Every structure is written in structure tokens, then in C-alpha cells.
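The values are calculated or read from the model by the stated rules, or taken from the named source; none is laboratory data. Because the structure is a prediction, the values reported are computed rather than measured. As a convention, Cβ positions derive from the backbone with ideal geometry for all residues, glycine included, and neighbour counts pool all protein chains shown. Note: accessible area is taken over every heavy atom of the protein model, side chains too, but ligands, DNA and RNA are not part of it. Shrake-Rupley method; radii C 1.70, N 1.55, O 1.52, S 1.80 Å.
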Amino acid sequence: MNTIIIEGLSFSLPLFIIAIGGIYSEGSGITNLALEGLLGFGAFFGGLSYAILSRTFGGDPTILIYASLGFAMVGGALLALLHALMCIKFKANQVISGVVINMLSVALTAFLANQINASFFGQPSNKFLLEVFPKATIPLLSRIPLIGAVFTDFYIFELIIIAVALFMAYLLYKTPAGMHIRACGDNPHALAAAGGNVQKVRFWSVITSGALSGLGGMCFAYSISTTFSPNIYMGFGYLAIAAYIFGSWKIGPTFLACILFGFARSGGYVLVQKLKLPSSYGDLVLTLPYIVTLVLLLFFSSTNKPPRALGEVYDQAKR
Amino acid sequence: AGAAEKQPLAEAGLNIAIITTPSGVDDGSFNQDNYNGILAFVKNHPTAKVTAIREPSGDVAAALKAAADVVAEYDVLVCTGFQFAGIGELAMENPNTKFILVDTYPTDAKGNSVELPNVYAMTFAEQESGFFAGVAAALETKTNKVAVVNGVAYPSNVNYQYGFETGVIYANQKLGTNVQVLELASRAGTDVTGANVGGNYAGSFADEATGKVIGQQLFAQGADIIFVAAGATGNGVFTAAKESNGKLKVIGCDVDQWDDGTVGSGNIILTSVLKVMSLNVERVLNQIQDGTFKGANMLLKADTDSTGFVKKGGRNQLSTSTIQKLDESYALVQKGTIVPASNFGGFTPEQFKVN
Amino acid sequence: MKKTNLIKRLFILCCGKGRHQLLRTSLFCIFLSLLAGILLLLLLGKNPLEAYRSILQGAGILPKPRYAGRKNQLTDFMSLLNYTTPMVFAALSVAVALKCGIFNICVSGIMVFSAFMATVLVGYSDLNPLVAKILVVLVGALSGALVGILIGYLKHRFNMNEVVVAIMLNYIISYVVSFFIQTRFIDPITRQSVAVGQNARLTLFDYPVGNLKMEIALVFPLALLAVFALKFMLDRTRFGFELKAVGSNSKASNYAGIQVGRAVVCTMLISGALAGLAGVSYYLGSNASIQPRVLPALGFDAIAVALLGNTSAIGSLFASLLVMIFDCGTTYMSSRMQVLREIAALITSILLLFSAIGIFFRNLADRFQQEAEEV
Amino acid sequence: MENLVEFRHITKRFPGIVANDDISLSVHKGEILAILGENGAGKSTLMSMLFGMYTPDEGEIFVRGKKEVITSPLVANSLNIGMVHQHFMLVENQSITENIIMGIEPKKRKFGLFPVVDLEASHEKVRQLSLHYQLEVNPKEIIENVPVSTRQRVEILKMLYRNAEILIFDEPTAVLTPQEIESLLQIINTLRQSGKTVILITHKLDEIKKIADRCAILCKGKLIDVLDVASTSVQHMSALMVGREVSLTLEKEEHERGSEVLKVENLSVVSQDHITLVDSVSFCVHEGEILAIAGVSGNGQVEIADAIAGLIPIKGGTIQLQEKDITNAQVRERIEAGLSYIPEDRHAVGLILDFPLKENLCLKQYYRPPYSSKGGILQYEAMEDLGKSLIEAFDIRTSKGNDTLVRSMSGGNQQKAIIAREINLDSKLIMFVQPTRGLDVGAIEAIHTRINTLRKEGKAILLISLELDEVLQLADTILVMYNGKVQTIRKANELTKLQVGEYMMGVHVEKN
Ligand SMILES: Nc1ncnc2c1ncn2[C@@H]1O[C@H](COP(=O)(O)OP(=O)(O)OP(=O)(O)O)[C@@H](O)[C@H]1O
Ligand SMILES: Nc1ncnc2c1ncn2[C@@H]1O[C@H](COP(=O)(O)OP(=O)(O)OP(=O)(O)O)[C@@H](O)[C@H]1O
Ligand SMILES: [Mg+2]
Ligand SMILES: [Mg+2]
């Protein structure tokens, strides 16, 4: 049971922060199918920064590890910049832009990782080695039966994610900026009439989604393989999309969805092991989160309300 | 047709291509070692040049198509991996191109294994390398529980697994250890004949997440040394080891994986066991250059120094006594006194008898 | 009229109003992305023209300097057609759904599903080749249609977001098919499903013609037929009209007496069947077996390809060809030019990026034109 | 008199059109200035420039004697200019307060650290404000749950909250009931008395007559004249605006109504949230009869029409059309049984904006000969012919005829296209919902004449309108709805405007 919780959380939380990214972008009215590409590019950027920094400075990796999270956010934001330009400036179809950015991200990271490793680090490779992310256990809390596992052997980044998530929730639901973002997703013209700058709000929302996805992607890179490699594109971005749609574009319910996905996954692994099923049954177990989502959506879809202006190109002239 | 128009070899130098499966020539292990062999050759023959070609899908048919796409361009094609077994047909149609095939023998259109004059196919006695890993693990474990994690139950992987298990059994019988090899029932492998071979198989060479889960599960059951022969999946096991605060060590495979094992100022690599492909690839290229090339299907073993383990200082964490005992076993393997179990060796590790 | 500057006028010429505006814009986007590719290649110190030529050579459009035994330009070209076939089906599948306002991102999943059904039901039988091939096509189309109907039904009846449904179905199909392959149909050597028999394959592989060995895609004509049938359907038929109406404004369509649910489900039936055909022509044509747990990238690329083709049937055909030329020529190009094969993927992505903002180019051109007229 | 705002030689072009052509106009402090003009005359555009949504291509705007460049609504706010837009600019999923304070949110610090929007204080402030101006709203309610009239109030509060001195109203009364209009006009009057300056855009001449001081008349982007309202007749104003005499009353001769065409019995409709929208409604419409359903917006009138057309599910009751039971029929079966329907929302329901005009004109007939062959192949020639004849018969003005994308047509012409299509069906029953909403007097006159002609031809007509004048002018029979129930159903000549208004407010309850 402990493993289910520990592993479940270490999967759920990065997923959650990516999903929050999605909520920001879509909450402001810009469809974002590019999360997968954004998280990959963020992880690439973080991995690259770690490779460079550790070669230049050496020394204590801990600081570099945290720095790489920051760089991953920058990387995600950079690629998100492209999505923002495409959707806001060039008025491209947002769904298409998302799909293409995913393709671009895969091609670009593979190309750059190879090229950079070969030309700068003098070794052919498409990955960047990372350090293990520090883990911690909170002394007393971890003793509590069952719930204790939450405080046991967690990655420090889980704390960071929770902190960031709380901050993002605060920003979205309590501050004027958040009000404007939500207004943009519902009726951008209302914001414009109230003197807000729709393009700017949307732009920063998309950038934020990139930064958060980058953060999540980097955490996946650390927790799964302690490397950046093209294997990072495992479809977690799409899962995050499912999570926030499931959570009806609200941060609270989305958190629950992510926890559900994470526990279904880690629980599945444990189940297969405990029942001594052949490993091929793992495939069936892995379908659990998806089937659960589908079934639940059957019941909740009618009440599921996407932001009203989602996917619409904002045109001041249009009424 | 046009193949005859190629330049005489001596003047232009060999034009070499290496075709790999998705992980590419920079996978830090199997493919890269082959590539290094070519690079070594090119370094000594500056007129020669090499092109690395990666087939991105990993599909068998796609692998062959990639080879066929470029075959006319090159004097030598180095094909690394099981996926290229079907190359036989292509080789027959392009007799002027030499093929170096690693880890498998060529098959014809009907799937029968064949020997061809322009194909040098090498496979390795991975069971020997696995054996060294098993002995090393048995000697170094503190919990008396060790394990082996593999990717897919291809013969090469089963050989590693069987060799490892043989090594542990050998150590238990002859070197005074009492070590158990852990297996997760849910991870038993099925070899190419469909037989259940046990072991811990991730089912893929590229599934880091599953690799990590297996590593953690084995660690949770008490293993403190894991032999990892699983390609990129192995990275996941490495991660599990790196997160264990030094309690879990791994033995690398194919090449010296020391550099992949650093964690902080420490390292999780106990040692790596080798499959010496680079030297053999370079040797065959030299033969092509000299004109002494002959097609063959070769099984390479310790007697040609094609298998082994890392004992170089600073690249392993074996104790001196372990290294000494390993050296002794190495000599016995070289001589053929010890024959570890292998996928098609006719006996399983449990049936292994020390002569 | 004052002289507008030359660049603007050229731009108007490329993307401005008038005949074939969409087509001209697409060509302009292709041109731009090739230009971007040239810059990229120059940056890497490679000769861009040489690189493009080698892509064309690799794809059998231009002759290579030398060929492998029993191969020549024709065999390369036939191989290109073979690989293009599934892409045409897949792009049509995306395009027809988009016309009805549905975003079908389940093409990959459907491909795997239909190929699996065809493989299991027909691929391992020893039926007469003609019967087997016809059955493969039918089973592929039918099973694809089934998944399509499911998506359409869930969307219409339960108001479920088709993108989420598709993402979920992709994973479910991938894992479940993988489960069955791993437990029942695994080839222990290749670790893919056991290869289907020659009788069931939709591509004649290594088929001797003269002293050449060719890949003959038997269903390529079917793909062409699908292109024209779809064009006819969309342009000239009652159902096509209804489909487009629903895609454009489903409320108004309902008001006009069109059965929206039926149109959605029927469209997804067609889209699914086309994706199914893409599946069988890919897995039982170009390939002979299915890799477990792998969703074909082709299914996702098809989305962008359909867009490049302006979601029209004919456009999809040509866009597929263009993208597959890049795809098929990549290995040869990367081998000849000693560049990473990702370059080609990169250029393709850039191409798709540009075509995604085609609407911006058109608007810009319209504005320039207006300026030119006003001043 | 002091000129608060002065437009000097303002010109604004949009692609292919000059929306404002060299307009010079001044607004006096403390007056109510009405702006009148046909659809597309450029009224909204002119005001949008004052409010900073657009910037003029040429010309200058002076506010309080100072030249100002108003680049955004923020600038307008700082100049104390506020605007109630023609189309509501509200965020539906936020509360009334949030909508009102948007852009100038008061902040407080949580834990002395994190700035948060101070909603509590704002709720209170909004409450005070609404009480002060007698614009009652519940600040905590979410916009999507409140009726149109409340939304209108929120829009006005939004302006007042910003301390606007210059208030622009763009067609504020288009969606209100007579009573609501009355109270709005009163509010506007109060505002003026408290020293504010009001610019009012409206198509309703009586409103102008009632409260405006002066009236500026725009035609095709040009300022025609600025009139003193008190000394000008309504006829004169409309003539100036349209460029010809408009008859403001309709000649309607009496005639016998024929047999029963539509029979609705005990019709009930509930919403998705299980709220009863239409409660056991029964009525009939006869040949040559115009039955008008009056009621305050949101009292179930539109749902009746939608239910008859089969667009929404019903909970109970029966519907018979020409003696055929169509209660459970498909939409198309109803159309074929003889039903034409001009829906309320022409953009979202009545038209496919991205289809060319000819296909929209054929939208209800495309599937049958001669427009479609037996095998399901479309016959474009027949469609072209139909399009051509309708464009001509109904005087639909377009840029490219048959092939014009409907999206690019003006609202009035879009409405004409719908009416042309529906009349062409030659159905026995024709339902009009809000047929003249937002249209200028010229267009309204044309539509009213058309409806009257149809009545003469013996069609049964169901008219649903929020405009009481329209109802009174056209109807033979009036049905008043309140809260989903029939309040009364009577001969039109038995009811006065006042009575109908009372029924609409639920004051009178019929006993029988
Ligand atoms: N954003 C825009 N883009 C292009 N043209 C526009 C735009 N807004 C208005 N126009 C044009 O400017 C003209 C004036 O439009 P405007 O909205 O000011 O008319 P109006 O007088 O308010 O009409 P209505 O009575 O229908 O509200 C219209 O005919 C239209 O063609
Ligand atoms: N964004 C736009 N671009 C181009 N033309 C526009 C735009 N918005 C409005 N128009 C044009 O403006 C003219 C009148 O617009 P407007 O929306 O004011 O019409 P309307 O009759 O008032 O319709 P509604 O009843 O919907 O308000 C039409 O010619 C319309 O096509
Ligand atoms: Mg207006
Ligand atoms: Mg209007």
C-alpha cells in the first residue's frame, strides 16, 4: 500500500502541474493540445541546462538540480511562445497548432540533443544524464498508519509542485490577473470592454502553461529515468489533458483526477505483482485509468462545461 | 546492377554505414560499442568514412527497408541487432557489399539461417559475461539476494540471464556463498521458442518507467545487487538504484557503464560485464580492407577475449578478493572447463554441473 | 494607384484573393518551409540543394547514381506509393471528420484495432489470396467503422468531448491489442505479432517484374478511388451537404431538419472506415505485423497532412504524397548527406507550422491588396 | 452650452466600407443626445471610437475641450466615459460583482502579503450603488443565471461604478419589455438629472421622442442632420434617416379567419435542470389569423416555438398541424407537414454563416427534387435558379449574389434571406420569433408588410415578439405568457396596451 501511495504521488503531482498549465491556457480560451510537446521540450531544456552547468561548475549537484527545474520552465515557456504566437498573433487553428507543436517538439529535441551532444560534449548521444532528485521523509508524520506514506520517501519536487500549484490556484481564483484570465476564456470581449488586453492575458496564460508543463516534464525525467531522453514522450501530456477535462477545467477536481490516474497506475503495478500475473497482464492494468475516465465522463459530460470562448480566435471586430 | 561501378577499394577507402534500431549509435551501450569499433578503424584509415543511419520505428520490416534503401551506397553495412536477421536476401542480391551482422545470423527469405560469403555474422557467448556478473554479484552481496533484469527474452538476453544464474550457482557451490536469485513471477520471460525461462523481463528495451518499477520491486524484496541487461529500460533500474542511497548496486552490461552510474560523488555500478564488439568489428573491417575477408557465422567467446568484465581501477567497486576469484573463473571459462547455461546450450542453470 | 512595394505585390500574388487562393497559399507555405530548410542545412554546413535532391532520389522521383541489385528508380517510386497509401487513407479520415466539425485524433488507435482484427480474422487463414485480400479490406473498414461509430455516438448522445474519447480509446486499444498479441499472437523472434500470410497481404512484397523486385501496393488504386469518391460525396451529394452543414453549424442544421446525430455518426463511420483502411494498408501492406504497444505516428501526422491539404480530398492526396516523399527520402538523404534524419522531420514540422497559419497569410494578403487599391 | 465631447471630421474605414465619413458632432453637457440611423449606418462605430474600442482613421475627438487620443477603454474610463454595448459584454460564469469591478478591482492583502481581490467589500459597494440608482441586483448572483433585464442593469452599473460622466447606451432597449423600457428610460432621465451626459443609440423613435433633447441622424456613414427633438415629428426623423417616407402604421383590413391550422394542447416543456418553462399551454391558430404571443423575455414564449418546430424535447401535450399529429415527429416531417419558422437567433440557428447564400436559401429543400436527384445527388443549377428568384423577389442585397457568404451580409439582409426561404416553403403555418429585432424602421416596415400579406393569403401566423407595439399592430389574437403559463388569450381589439403589459407582469390572472 505504501508503494502505491508513494509511487502514485510521484506520478500524480507532475501530471497535476502539467494539467494546471492546461487549465491556464484553456481557461484563457486557447486550446492547448501541445502539452505533450511542451513537457518534452521543457525536460530537454532542463536536461541540457543541467549538462552544461554540471560541466561548467561541477561541485554540489543539488543546486544544479533545482536550477534545472527552473530552466525546464524556461524551455517549456519558449516552446509555448510559439504556440502563443501561432494562436494569438497568426490566428492559426489552435488544435492544429497544438498537434504540429507536438511533432515539432519531438523532432527538435531529438535533433538538438544529438547535435549538441556531438558538437559540444564530443560524444554521440541523444540523452542528458541527470542526478537523482533528493528525497525526504518527514519524521513524525510518516509514522501515521496509511497516511504516513504520503510523507514518506517523497521527492522534494513534490513539495515544490504543491507550492507552485497552490500559488497558481491562488493566482487564478483570487487575484485580478486570475479573474482576467477566466474572463478571457468566457467572454474576451467583456474583458476588452473593461479595459483589459485580451491578447496579452492569453499570451501570458499560454506561456504559463508552457512553464508549468516544462516543470512537470522535468520532474518526470528525474523520477522515471534520471535522464533526459526522447523516451520522455510517453503520452503523459495527453493524460494531463484528460485530467483537466475530467476536472472540468477547475484546479480542485483536476487534482482528484490526477490522483486517480496516479493511484490506478501504481496500484496496477502492485496488483500484477501481488497476483503473480504474467507481465502481459500489465497491459490490461494500464488501461484502467483510461477506462475509468471514459466511464466517468459518460456520466459527467453533460455537466462538463468548457470555457465558453475556448478555441475561438479573438477578433476585436467580431461581435 | 550498378554495384559494379564502385570505385576500387584501395583508392577511396571503405565507405561504411552502420544501421541501428531506434536507440541509435549513441545509446551508450550496445550500438555505441559497435560504432566505436568502426570509428577506431576509420581513425587508422583516414580515407574510410562512416555514416550512421537510424531506423526510428523499430519495426522489423522497416529495419530491412532502411538497409535496402542505402545498400547501393556503401561497401560495408554494419547491422546491429536482432531485427536485421532478415538481411540474408538483401545480401544475396548485393554480393559486392559486405555485411557485418551483430547479435544474429542471417536468414533467407523463408527464415532459415544461412551462411553467406559476403556476411560476417557474429554472436557472443553472453552466458559467459552473465556468468561473471553472477559470480561477482554472489561474492559481493550483503543481503544474499541478487537479481537480473532483462529487456526482451531474445536469445542474447536469455543467455545473459542463464549465465548470471549459473554464476550464482557456481559461487554457491564452489566459492562458499549462499545467495538466492530473486525472480518476480509477473516478469517471467518467454524465449523465442515460446518456453518460459523465468527471470525478470521488462518486455521492452525502451520502457524506463517499467524498468524502474522492477528495480524497486526487487529492491523491496531484498536484492542489493542487480545485473541489468535491458537497453534503455535499464536506465529505469539504474534510477531505482540511484535513489536507494547506495543500498542497491547494479552490474552493467555490454560496455563499461561506469559513467552512467554516477550519483553525487558515488557510483552505483559494481562492475560491468563486457561483450567486446568494437574490437571484433574493427578486426573484420581490417580484413575487408586487406582483402582477407571471409563470410562466416561466428560465436565469439572468452577464448578470443570477446567476453569479460571490467576490473580496471576506478571503473568498478569490486573487492580485490572478488577480482581475484573472478580472474580464476575467467581462466576456467576460457579453457572451457566451465560452460555456463545458455538459451540453446541444452541445459538450464539448475542443471548446471561444475566439472 | 501608387506603387506598392514589390514584396507586397508578390505576396498578394501568392496568397491574395482570386482563383485557387487556398492552393496558392499552400504552395507558398511549402516554399517558405523549404526556404527554412535551406537555412537550416546551410547552418549545418551542408549543401541544401544536394540534400533536397537526395530526398527526391531516395523517394524515387529522381534517379540515384547507383542502385542495389534488382532495384531501380521505378522500384523506389513504387515503394513510395506503397508507403503513401496508408497516409492517404488516414488523411482522408481526418479530413472528412473535420468537415463535419469533428476532430478525429483516434486514427492511430483505429489503425491498430482494424489491423489487429484483420490480422486475427484473416491474416492467419489459408484462404485463396483474392478472397483473403478482399476480406482484409472489408474487415479493416468494418472494424474501423465500428470504432468511428462509437466515437460519434458518444459525442452525440452523451456530449462527450471527442478529443478526450479519442485519446482514451487510443490508449485502451493500444494496450488491449498489445495484451492479446503478447498472450496469443506473439512471434517470439520479432516480438511483434506473427507475420500475416502472403495471401492476406495488401502489398505484393518483392514481387518480381522483369529482373526487378517491386513493392506493389494493391490498394493504392482503392486510395485514389476513395479520394475521388470522397470529393464527389462532399461536393455533390445530399449527404455531403448535410455533413458540411452539421460541421459548420449543427444548431442550424437541426433546425433545417437535418438529423444531426445521424450525420455525426455516419461521418464517423466513414472516417473510421478510412482509418481502418489506413490500418490494414499499413500493417498488412507495408508491414506484415503489429508492434505491440506502439501507436503509429502516421495517424497523428495525418492530422497535419489533412490540414496541409486544406481538408479537401484532392488536397489530402497531394499533401500525403509530399509528406511521404520527405519521409521515404529521409534515410537516403541522411545517409548521403551525413546529416541527422531528424532534419527531414524538422522541415516537415516547419511546413505544417506554416500551413497552419495559412489563414494569416491570406488575411495579410487581403489587407495589402486593400491598401494597394485604396491608395 | 458647453461642449463636453466634440467629434471633428471623424472618418473610419473598414475593409470595403467607410463606416464613418467625415463626421463632426458635438455633445452638450447634461443633455440626452439620441443617435438614429439605419442598420450599418455607423452608429456603433462612432461610439466605439469614443470608448476606445477603435481609433479613428482621420479626425480628432475633443473631450472637455481637450484633444484626446482614446486608444483603449481604459483611457475612456479615465476620461469618465462609459458604454453599454449593443451586445452584452459580460462574463457569464462570474458573479455580478466580479463583472462590475473587472479591470479596476479593489485589492486587499491576505496575511499582509498576498494581494487578493477584495470581493466582500465590492459586493457591498455594488449593493449600495444598485440601491442608490434603483437598479436592483443581487451582487453575488452568477450572470448566466440572471435574466436579460438584470444583465442590462449590470451593464449600466458597470458604467456607474466607474464614475462615468458620459454614458453611451447602444440599443439598450432592444431586449427589454415595455415596463422595463419604461423604467430604463426613467433611470436615464434620473442620471441626466444627476448631471450626467447621455448618448443614446436606438431604432425606436418614440423613445427618442420621450427623453432625448437632440437627435443626430446618420445615413451610410454620413451625418445628415442634428435635430431638436421637441420640434421635430417622428415622421420627419424617420424620413430623414431612411431617405424616404416611411409609413409607421400598418393598414390592416378585417377578414374572416379560416379553418384551424395549428392546434397545441397542454404543451409542457422543462429545461435540462428540470425547471418548468412551458406549463400546459393550449391554443390554436387559424388560416388568415395572426396569433401573437406576448410576454416578458424568458417566460416560455420562445420554447413554445422551439417545441412546435421540434428543436427541443417536450414533457407533455400534443401538437397538431393541419390535423396531423406531429407531437413526436422529426423536425423534417414537421417542415413537410407545412411549417415555416423564422427563429429568434438568426446567426446561431437560422443560417449557416459560412455557406453561400444560395445554399442557405435552399437549406430546407436541398434534399428533394429538383434540388436533389432521387439518388441523392445535388442539382446546383436548380439551386442557382431558386437563389436568383428569391434574391430578386425579396430584394436581398449582396455583393456576389448567389455565391455571397452569408457571414458577410448585413443583419437586415440576413433576416431577409431567412424570411425569403421560409416563405418560399409555402407552408400553411409560419412562425416568426422577434422578426424585427435590431432592424431599422425601413426594414421593419418591409417585414410587417410582408407578414400582413401572408395573412391575406390565408396563412396561419404565429408571431412571438417582445415588442408590444409590434404585437398590437399585427395581431388578430393575443396570447400573453407569464411564467410559462397562459395568462390570457383574447381578440386583439379587446385588449389595450396597458392591459397586455399588466398581463405580462403577471398582475391580472384570468379566471375561467
Ligand atoms: N469591425 C468591423 N469590421 C469591418 N466592418 C465593420 C466593422 N464594424 C462595423 N463595420 C462596418 O461599419 C458599418 C457601420 O457599422 P456599425 O456597427 O457602426 O453600424 P450601426 O449603425 O451601429 O448599425 P446597427 O444599427 O445595425 O447597430 C457597417 O456597415 C459595417 O459594414
Ligand atoms: N467583423 C465584421 N467584419 C466585416 N463586416 C462586419 C463585421 N461585423 C459586422 N459587419 C457588417 O456590419 C454590417 C452591419 O453589422 P451589424 O452587426 O451592426 O448588423 P445588424 O443589422 O445590427 O445585425 P445584428 O442584428 O446582429 O446587430 C453588416 O454589413 C455586417 O456584415
Ligand atoms: Mg450598432
Ligand atoms: Mg445591430
Practice item. Output the number of residues of the range A:11-32 satisfying the condition of being under 13 Å from the mean Cα position of the chain (by Cα) and open to solvent by 10 Å² or more (accessible area, probe 1.4 Å). Key: 2
Exercise for review: Go through (1) within 16 Å of ligand 1 (Cβ to nearest atom); (2) surrounded by 19 or more Cβ atoms within 10 Å (Cβ to Cβ); (3) among the polar types (S, T, N, Q) one by one and return the number of the condition D:Q94 breaks.
Suggested key: (1)
Study note, to complete from the structure: Only unsatisfied item for C:V265, checking (1) in a helix (DSSP H, G or I); (2) open to solvent by 20 Å² or more (accessible area, probe 1.4 Å); (3) over 20 Å from D:Q330 (Cα atoms); (4) more than 14 Å from chain D (Cβ to nearest Cβ), is (3)
Check your understanding: How many of the residues in the range D:53-74 are β-branched (V, I, T) and either open to solvent by less than 40 Å² (accessible area, probe 1.4 Å) or not assigned by TED's automatic domain parsing to the domain that holds D:L200 (or both)?
Key -> 3
Study note, to complete from the structure: Here the qualifying pairs (Cβ atoms under 7 Å; residues six or more apart or on different chains; first in the range D:267-288 and in a loop (DSSP other than H, G, I, E, B); second among the polar types (S, T, N, Q)) come out as D:E287/D:S259
Check your understanding: Restricting attention to the range D:469-484, does a residue exist that is open to solvent by less than 50 Å² (accessible area, probe 1.4 Å), assigned by TED's automatic domain parsing to the domain that holds D:A309 and within 16 Å of ligand 2 (Cβ to nearest atom)?
Key -> yes
Revision key, fill the gap. Residue count, the range D:394-427, condition more than 16 Å from ligand 3 (Cβ to nearest atom) and open to solvent by less than 60 Å² (accessible area, probe 1.4 Å), comes to 18
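So that you can scan it fast, the table gives a plain yes or no per residue for (1) within 16 Å of ligand 3 (Cβ to nearest atom); (2) within 9 Å of chain A (Cβ to nearest Cβ):
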residue	(1), (2)
D:Q86	yes, yes
D:E92	no, yes
D:I101	no, yes
D:K110	no, yes
D:T150	no, no
D:E165	no, no
D:L176	no, no
D:E180	no, no
Exercise for review: Any residue in the range B:176-189 that's within 8 Å of another protein chain (Cβ to nearest Cβ): show its pairings with residues that are crowded, with 17+ Cβ neighbours inside 10 Å and β-branched (V, I, T) at Cβ separation under 7 Å, as long as the two are six or more apart or on different chains.
Suggested key: B:L184/B:I214; B:S186/A:V272; B:R187/B:I214
Review point. So which residues in the range D:20-38 are within 16 Å of ligand 4 (Cβ to nearest atom) and open to solvent by 10 Å² or more (accessible area, probe 1.4 Å), if there are any at all?
Key: D:E38
Review point. So which residues in the range C:244-262 are buried (at least 24 other Cβ atoms within 10 Å of the Cβ) and in contact (Cβ under 8 Å) with a residue 24 or more places away in the chain?
Key: C:V246
Practice item. Quick one: A:Q199 ticks every box in (1) out of contact with any Lys or Arg (no Cβ under 9 Å at 6 or more places or on another chain); (2) within 14 Å of chain D (Cβ to nearest Cβ); (3) surrounded by fewer than 20 Cβ atoms within 10 Å (Cβ to Cβ) except a single one, so which number is it? Key: (1)
Check your understanding: Looking at the range D:397-425, which of its residues are within 15 Å of D:G350 (Cβ to Cβ), within 16 Å of ligand 1 (Cβ to nearest atom) and assigned to a loop (DSSP other than H, G, I, E, B)?
Key -> D:M409, D:S410
Practice item. May I ask you to verify whether D:K324 is free of Cβ contacts under 8 Å to residues at least 24 places away in the same chain, surrounded by fewer than 23 Cβ atoms within 10 Å (Cβ to Cβ) and more than 9 Å from chain C (Cβ to nearest Cβ)? Key: yes
Review point. Does D:M431 fit the bill of being surrounded by 19 or more Cβ atoms within 10 Å (Cβ to Cβ) and touching a Phe, Trp or Tyr at 6+ places or on another chain (Cβ under 6 Å)?
Key: yes
Practice item. Run down D:L131, D:L113, D:L50 and say which single residue is of a type in the set (A, V, I, L, M, F, W, C) and surrounded by 14 or more Cβ atoms within 10 Å (Cβ to Cβ). Key: D:L50
Check your understanding: Of these, D:L439, D:L454, which one is at negative phi, in the same structural domain as D:I342 (by TED's automatic domain parsing) and away from ligand 3 (no atom under 16 Å from the Cβ)?
Key -> D:L454
Check your understanding: When you go through B:L332, B:L318 one by one, which is the residue that is over 18 Å from B:L101 (Cβ atoms), of a type in the set (A, V, I, L, M) and in a helix (DSSP H, G or I)?
Key -> B:L332
**Study point:** Residues satisfying the stated conditions in the range C:42-86, i.e. of a type in the set (K, R) and part of a loop (DSSP other than H, G, I, E, B)
**Key:** C:K46, C:K64, C:R66, C:R70, C:K71
Revision key, fill the gap. Counting only residues that are touching an Asp or Glu at 6+ places or on another chain (Cβ under 8 Å) and more than 12 Å from ligand 2 (Cβ to nearest atom), the range D:407-440 contains a total of 3
Point to revise | Pair list, Cβ under 6 Å, 6 or more apart: the range D:64-87 residue within 16 Å of ligand 4 (Cβ to nearest atom), other residue open to solvent by 40 Å² or more (accessible area, probe 1.4 Å) | key: D:H87/A:R319
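For (1) at the interface with chain C (Cβ under 10 Å from one of its Cβ atoms); (2) crowded, with 20+ Cβ neighbours inside 10 Å; (3) touching a strand residue (DSSP E or B) at 6+ places or on another chain (Cβ under 7 Å); (4) part of a loop (DSSP other than H, G, I, E, B), each residue gets a yes or a no:
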| residue | (1), (2), (3), (4) |
| --- | --- |
| A:M218 | no, yes, no, no |
| A:S248 | no, no, no, yes |
| A:P253 | no, no, no, no |
| A:A257 | no, yes, no, no |
| A:P289 | yes, yes, no, no |
| A:F300 | yes, no, no, no |
| A:R308 | no, no, no, yes |
Exercise for review: Could you check how many residues of the range D:369-394 are out of contact with any helix residue (DSSP H, G or I) (no Cβ under 7 Å at 6 or more places or on another chain), within 14 Å of another protein chain (Cβ to nearest Cβ) and of a type in the set (G, A, S)?
Suggested key: 3
Practice item. Report, by residue number, each residue of the range A:122-157 that is within 14 Å of another protein chain (Cβ to nearest Cβ), in contact with a helix residue (DSSP H, G or I) (Cβ under 7 Å, 6 or more places away or on another chain) and farther than 17 Å from B:T239 by Cα. Key: A:Q123, A:P124, A:S125, A:N126, A:T137, A:A149, A:T152
Exercise for review: May I ask you to verify whether D:K428 is within 16 Å of ligand 1 (Cβ to nearest atom), more than 14 Å from chain C (Cβ to nearest Cβ) and not hydrophobic (A, V, I, L, M, F, W, C)?
Suggested key: no
Check your understanding: Among all residue pairs at least 6 apart or on different chains, which show Cβ distances below 9 Å where the first residue, located in the range C:308-325, is under 15 Å from C:V94 (Cα atoms) and the second is open to solvent by 40 Å² or more (accessible area, probe 1.4 Å) and among the charged types (D, E, K, R)?
Key -> C:T311/C:K99; C:S312/C:K99; C:S312/C:K231; C:A313/C:K231; C:A313/C:D235; C:I314/C:K231
Check your understanding: Could you list, in sequence order, the residues of the range B:219-236 that are crowded, with 24+ Cβ neighbours inside 10 Å and either closer than 19 Å to A:V285 by Cβ or at the interface with chain A (Cβ under 10 Å from one of its Cβ atoms) (or both)?
Key -> B:A232, B:T233, B:G234, B:N235, B:G236
